[in-house]
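Contents: one structure, followed by commentary.
The values are calculated or read from the model by the stated rules, or taken from the named source; none is laboratory data. Because the structure is predicted, anything quoted here is derived from the model rather than measured. Cβ atoms come from the backbone with ideal geometry, glycine included; neighbour counts cover every protein chain shown. Protein only, heavy atoms only, side chains kept; ligands, DNA and RNA dropped before computing areas. Shrake-Rupley method; radii C 1.70, N 1.55, O 1.52, S 1.80 Å.
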Amino acid sequence: MISPSLVFSSPGSESPRGFVELRFVLEPQDVVTVRGGVLQLDCQARSDQGLPIISWKKDGVLLSSVVDERRQQLANGSLLVQNVVHSRHHRPDEGSYQCLAMLEGVGAIVSRTATVTVSGPLRVVVPTESVSSFLGDTALLRCEVTGEPMPVVRWQKNRVDLPVAFDLDSRVVVLPSGSLQVSRVQPPDSATYRCLAENPGSSRTGTDADLRVLPEPGVLRNLVFLQRPLKVTVLQGRDAVLECSASGYPTPSFYWMRGSEMIQMPPQFLNYPSNMYAYESTDIEMECAVTGNPPPSVHWVKNGEVVIPSDYFQIVDGGNLQILGLVRSDEGFYQCVAENEAGNALAMAQLILLEPGERPSGRALPSAPRDVAPVLVSSRFIRLGWRPPLETRGTVLTYGIFYSQEGINRERSVNVTESETLQLTVSSLKPEAVYTFRVVAYNELGPGESSEPIRLTTQQEPVQVPGPVENLQAEATSPTSIQASWDPPAYANGQIQGYRLLWTETSSGKEQVLGQNYKMEGLKKFTEYALRVLALNRHGPGIGTEDMHITTLSDVPSAPPQNISLEVIYSRSIKVSWQPPPTNLQNGFITGYKLRYRKTGRRGEQEALEPNNLWYLFTGLEKGSQYSFQVAAMTANGTGPSSEWFTAETPENDLDETQVPNQPSSLHVRPLPNSIIMSWTPPLNPNILVRGYIIGYGVGSPYAETVRVDSKQRYYSIENLDFVQCFNDPVDPSDDDLFHLFDKFPTPIPDTSTPMIPPVGVQAVALTSDSVRVSWADNSISKNQKSSEVRYYSVKWKTSHSTSGKYKSADTTALSHTVTGLKPNTMYEFAVMVTKGRKSSTWSMTAHATTYEAAPSSAPKDLTVIGREGRPRSILISWQPPLEANGRITGYIVYYTLDKNMPIDDWVMEPISGDRLTHQVMDLNLDTVYYFRIQAKNAKGVGPLSDPVQYRTSKGRHGDSGYWPSDNNLIDRSSLNEPPIGQMRPPHGSVTPQKNSNLLVIIVVSVGAVTIVVVVIVALICTRRTSAQQRKKRATHSAGKRKGSQKDLRPPDLWIHHEEMELKNIEKPSSSAPSGRESPIQSCQEIAPVSHSQSESQMGSKSSHSGQCPLPESLLYIITSLYLYFFIYSSVLWF
């Protein structure tokens, strides 16, 4: 950028001074640099008054002329910044810079502002995801990367760079946003893509994503926007791109609106016509699909002349040109012309007709077919027959029959469907018309010589049957129905009495006489049908239409995915694999899969996947937890049924991956005439993760060839070896992965003494919980595994954990055998041996398989019921797992009742988790007989019930002693009397608390009543005692006063063992005889009170004053016993 010149004049002189020229020759430009890099901003100024002085500003502040050690100004005025500093909170070198040019005494000017940006690291916002697209549709792969400055995005297809330039005419375009748009998707577009983002500071490589191309079903799909337009800011005069991508069927057309005004778009080609080679008498169709706004009109031009539609030139499917029965004059240039109000567009293609005798190479074409003759001549069809040519000069691929009607110069053709066919029916002919026929044979190089033409005349119509119906249309109205309609035939030859509709599917055909339209129902979902319609009059059925093919609508799948398997990868991840539903039950194109998973006891979640993903790895799971998974397939109509739940459990800890695995614990090598079979066992330490094995072998060196196999593989066969060659076997280039066990092991030369070769490739696959299918191959017989010799195979097996070494065996003559009668959830090992005559091979390598789980076949054992000390209403049940669990026990069910003859469904049931072997039952009735049973369950079902165990709960108290029983043992069953069922107290019911509440009220009222009675009795006793004492006091007043005052004595305490007094026996005077009618109140008068000052030894003597009289000892006992009884009884009922 060149600044305009700036000149100054000097005031004060009579004549004005001339202007001074001061301008920038070089100005600083915007720069993107990197942290730690070197930044240079150039600036040069020129003046006619001398060299200007250059200085610099940063963010409007003048930089010091003595710049720090990192910044320095060069002699030419440029600013150099070394070791650029940039961090999140300290960015001293980033900002706006200006160059200042100054002339002393004149002035200064500043340059344009240059922005310096320090590039930061890139960050992938959203990883690129795999997508599926239908043939001819649009696919969009996203690459969302952020950074400063914004990176440049490029794409790779199968690791090969794609063009970066934005080309409007290209099908594969990198949009300004970084996304990759693939228009009109074709099969070659199916590949692996990845994006690469770069800016001056860093670069990032995106994740691999697959573009999968699905066949176009031709079924209506809703319009889906893949990319909507976003707000764009652009400088005036620059190009702006507004992105918009959409998917759907039919292919969507795009229209743009500016405000409320629709933007007109000139025609654009979606499909271009292509150059074509063809032979005379054949039919061709040139494609031309366009879009635009308004929708463009299409017509065709041949060699500059407009093509007029006729019987042989037809525009079909909107814009395609169909030419029937090519003739030599049809050669030339064809142009598809599309026009609308916004403009027009043309696309060109050339048609070249090949001569039948032209040979692409020096090889010859077939000679003419022989003896062409009519087999059957009718009014509307002729069946021809012929013999093969004498010289085929290769393989005859097909035959073509060329025919034309007399008077018409266009010849039509039809080919046989199979090369062996030597007859063909030419239909849709006219009655009483003359036709010319000839036959041509085709080989790999093209059509051969033509046979001599023959002239045939169709017969007269024997009866006046109707012609073919017109305008046959069919529409699929649902997944199981098709609606068909048509117009009457052009010539009916009488009154139409009805129509006959025939529709066929691969394995069935149906026929129905009906009216002018008909709805076919009960069809198969998403199945293609061929329809034909015939009109009927009084002479019979007329000419049928050509077959119309239509497919019923899609629907959700009728079956879930199959072959679902779970594999625990780590302690926090599980891999789920599956296969699609059966083809005949998919009911459409699978558009994805839906996975639901849940942890036991928690709510489930779900994931949605692309249709070609047949596995998914769940991560972030909890260690030592059980998870359940189910899979469902999706079509465009929705989600089909889900599979059953499959369960797997994550381990508590991961296997160690920080250590190199130890060597395999054993290795066996078996030499064969042309191969070596190896087998091995895993390392002894099971806690170290093994991801695979490396096998090394070679002639003279074990490093010549290496093979990697999966961690689950236990054998490998090295094939195609030479006789008597030495191999080092096996090896791994690393130090510790494998080890040298066999070195220079020769492959033997077979001779008569060589023993029979054992079966190889032994595989064992569990079929059910008690059966395993064992299969193998026999290398000693032909490749088709069939032998005319009499030989049989022996299969032996035992459980893998068995230490007895005893095998079971069976014999068979087939190459597979199903072993039955096995135990569920048990690992077995299998081996096979072949026997022919008196010779037998050694046993093969072993194969392992674990039978499926089954429901427990035995009940839990050692069921025991004991009482709880201090808790008579609770009992504790304990047991041991069943002997035949047949899988992991997931829970137990405890049943109990009062009547053991009741159906088990009427017993009280309590579920228990599978990791517990005890259970407490509470709130039982006292002194009641209960019966207990238990059963176990696993993922496959519940097992049998145990025998009932009888137990009587304790009474809660013994006599009046008022204490809890300390030992509740099992009671002899023979000595128990069963109470009626009506006396059973619910185990967790609501009746007991209600009864306890009522009893508590009764107890409180009773205690209160007894207390009132006791108080009244005490009051009466004290009242009578006081009256008697007063009378005695008046009668004996002359005897004088006794020591002490009555006010010094206090009433006796009613407790039995008081610290200051004790109750004495009732004493009678010797002069009075005992009387049964004498009450305790009367006897109380004879008891003297005890003074507070008396010691315990003096309590028995008479005191000096008898102002109070204690209660009789028997009455106190009664009162005390009553209180204790009610206290204990209420406690028993309450607790």
Note to self: Keeping every protein chain present and rolling a 1.4 Å probe, give me the accessible area per residue for region 801-926 in Å².
What the structure shows: 52 Å²
Item checked: Inter-probe distance in nm under a simple model that places probes 7 Å from Cα toward Cβ, at Glu198 and Thr820 -> 6.9 nm
Item checked: Rough spin-label spacing in nm, given labels placed 7 Å along Cα→Cβ, for Asp906 and Thr421 -> 7.6 nm
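Could you work out how much longer the chain between Ser858 and Asn275 gets when fully extended? Use 0.36 nm per residue separation minus the Cα distance between them, nm to one decimal.
202.0 nm
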Margin query: Spelling out what I want: for every residue of region 220-233, take phi, set θ = phi - 60°, compute 6.51 cos²θ - 1.76 cosθ + 1.60 (Karplus), and round to whole Hz; glycine and proline get x.
Written below: 4, 10, 5, 6, 10, 7, 7, 9, 9, x, 10, 5, 10, 10
Notebook entry, point to check: Where in region 448-507 are there GluC sites (Glu not before Pro) that are in a DSSP coil and have at most 10 other Cβ atoms within 10 angstrom of their Cβ?
Noted result: none
Next item on the list: Whole Å is fine, so just give me how far the alpha carbon centre of region 872-916 lies from that of region 796-850.
Entry: 39 Å
Next item on the list: May I ask you to list the trypsin sites (Lys or Arg not before Pro) in region 554-644 that are in a DSSP loop and have at most 15 other Cβ atoms within 10 Å of their Cβ?
Entry: Arg602, Arg603, Lys623
Item checked: Paramagnetic reach from Asn303 (point 7 Å along Cα→Cβ, amide N under 14 Å) across region 327-347 -> 327-335
Notebook entry, point to check: Roughly how many percent of the accessible protein surface of region 100-150 is carbon and sulfur, given a 1.4 Å probe and a whole-percent answer?
Noted result: 56 percent
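Calculated FRET efficiency, Met827 and Asn674, Cβ-Cβ r, R0 45 Å, to nearest 0.05?
FRET efficiency, Met827 to Asn674: 0.85.
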Note to self: Which one, Gly891, Val908, Tyr930, is farthest towards the positive end of the dipole of region 889-939 when Lys and Arg carry +1 and Asp and Glu -1 on their Cβ?
What the structure shows: Gly891
Checklist line | Zone of Tyr491's modelled label, taken as backbone nitrogen in region 425-456 under 15 Å from a point 7 Å along Cα→Cβ | finding: 428-434
Notebook entry, point to check: What part of the accessible area of region 161-319, given as a whole %, is carbon or sulfur when the probe is 1.4 angstrom?
Noted result: 52 percent
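Looking at the calculated P(r) for region 97-199, what percent of the C-alpha pair distances fall above 20 Å?
Working: 2767 of 5253 pairs.
When every Cα pair of region 97-199 is considered, 53 percent fall beyond 20 Å.
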Margin query: Through the Karplus equation 6.51 cos²θ - 1.76 cosθ + 1.60, θ set to phi - 60°, convert the phi angles of region 930-939 into ³J(HN,Hα) values in whole Hz; use x for Gly and Pro.
Written below: 10, 10, 10, 9, 8, 9, 9, 9, 9, 5
Item checked: Distance between region 473-505 and region 66-103 - C-alpha centres, whole angstrom -> 86 Å
Margin query: Based on the alpha-carbon set only, what is the convex hull volume of region 765-898 divided per residue, in Å³?
Written below: 146 Å³
Check: With r defined as the distance between the Cβ atoms of Ile866 and Thr890 and R0 fixed at 25 Å, what FRET efficiency is calculated, to the nearest 0.05?
Finding: 0.45
Notebook entry, point to check: Which of Lys599/Lys940; Lys798/Lys861; Lys861/Lys900; Lys599/Lys808 have a Cα-Cα distance over 30 Å?
Noted result: Lys599/Lys808
Checklist line | Computed over region 592-678: relative contact order in percent, which uses C-alpha pairs under 8 Å that are six or more apart | finding: 24 percent
Checklist line | Amide hydrogen neighbours beyond the local backbone of Glu391, cut-off 5 Å, H modeled | finding: Ser367
Note to self: Quick check: the distance between the Cα centres of region 318-358 and region 380-418, to the nearest angstrom?
What the structure shows: 26 Å
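Quick one: grab the alpha carbon gyration tensor of region 129-189, order the square roots of its eigenvalues as a ≥ b ≥ c, and give me rounded if a/c is under 1.5, else prolate or oblate depending on whether a/b is larger than b/c. Present the calculation step by step, with values, prior to reporting the outcome.
Working: a/c = 1.93, a/b = 1.67, b/c = 1.15.
Since a/c reaches 1.5 and a/b is larger than b/c, the shape of region 129-189 is classed as prolate.
Between Arg708 and Asp48, what is the FRET efficiency for a Förster distance of 56 Å, r being their Cβ-Cβ separation, to the nearest 0.05? Before the final figure, lay out each step's value.
Values: r = 79 Å, r/R0 = 1.41.
With a Förster radius of 56 Å, E is 0.10.
Between Asp811 and Glu285, what length in nm is gained on full extension when 0.36 nm per residue of separation is reduced by their alpha carbon distance? Spell out each step's value before the answer.
Values: separation 526, 0.36 × 526 = 189.36 nm, distance 6.52 nm.
Separation in residues times 0.36 nm, less the Cα-Cα distance, equals 182.8 nm.
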Check: Accessible area of Glu546, 1.4 Å probe, to the nearest 10 Å²?
Finding: 150 Å²
Next item on the list: Search the structure for amide H atoms under 5 Å from the amide H of Trp256, placed 1.01 Å from N in the peptide plane, and list their residues when 5 or more places away or on another chain.
Entry: Ile263
